[in-house]
Amino acid sequence: MKYLSYLIPMLTVLTCYLVFAVVPPAEGLGELVRIAFFHIPLAWLSVLAFLMSAWWSAAYLRSGSMRQDALSACSAKLGFFAVLLATVSGAMFSKLTWGSYWNWDPRQTTIFVLILIYGAYLTLRAALPNPRKRARTSAVYSLFSCLTVPFLVFIIPRLYFSLHPTPVLNGDGHVDMEPVMLATLLLALLDATLVYVWLLFHAVAKEDPHEP
């Protein structure tokens, strides 16, 4: 993991340079489009983290390994903080664009529900002192919570009118973004993914879960 400590800062600096010095203003959004290059990677990181949390939950239920439980828990925590930051960046965009931080737009509503679901997950883990019981209970909860993620993030918001800008992948399945913007966004997504991996394994290493 040591090489990530060098690669991530370089990618982050390059991404910030592209966002603020190369990416042109977007039609209809102007300079505010730059917020998207932080908001979208944060949203992606949260979805990735929640899905991986469920993956490691399933691995724990199969193997009983406390390391799998630690990976699942740390991933869910990272996803929770990522979705909070995505909500904050989205609220900033909403204020600058529509004059209000929060207007219960379908995407804001579904992301709020997601925050409640995973906030309850973290509360559940904190309320169970027995490590094995905590691991089993939270693993089952994580698996069921994961089923809601695709609906809350990708499906339900598309069923209703939304002030939210058109997604990068529009309803016709086409990428609705200029090449330079798309390249910058892909780099930002890669950077966010590597940050997630680095933070996850550092967090698990600190916990140092023991096998019985």
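Couple of notes before you dig in:
- Look at where the Cα atoms of the range 1-46 and of the range 58-120 average out, and the two centres are 20 Å apart.
- Burial ordering of CYS146, CYS74, CYS16, fewest other beta-carbon atoms within 10 Å first: CYS16, CYS146, CYS74
- Bridging of LYS206 to lysines at a Cα separation below 17 Å is possible for LYS2, LYS77, once same-chain residues fewer than 8 apart are set aside.
- Mean residue ellipticity, 222 nm, helices only, the chain: the sum of -39500 (n - 2.57) across DSSP H runs of n ≥ 4, divided by residue count and rounded to 500, is -24500 deg cm²/dmol.
- Exposed-site-free run, longest, the chain (rule: chymotrypsin sites (Phe, Trp or Tyr not before Pro); DSSP loop; at most 12 other C-beta within 10 Å): 1-103
- Crossing angle, helix 66-98 versus the chain [Cα axis fit, 0-90 degrees, rounded to tens]: 20
- 0 to 90° range, to nearest 10: angle between helix 2-17 axis and the chain longest Cα axis: 20
- Judged by the gyration tensor of its Cα atoms, with axes a ≥ b ≥ c, the range 31-74 is prolate; a/c meets the 1.5 cut and a/b is the larger of a/b and b/c.
- Against the chain, whose longest principal axis comes from its Cα atoms, helix 106-127 is set at around 20 degrees.
- Extension gain, LEU84 to ALA120: 0.36 nm times the residue separation minus the Cα-Cα distance gives 11.6 nm.
- Highest-MSF residue in the chain out of ARG67, ARG107, ARG132 [GNM, Cα springs under 10 Å]: ARG132
Values quoted throughout were computed directly from the atomic coordinates according to the rules given, and no laboratory measurement underlies them. As the structure is a computational prediction, the values presented were derived from the model and not from experiment. Glycine gets a Cβ as well: all are built from the backbone with ideal geometry, and neighbour counts include every protein chain shown.
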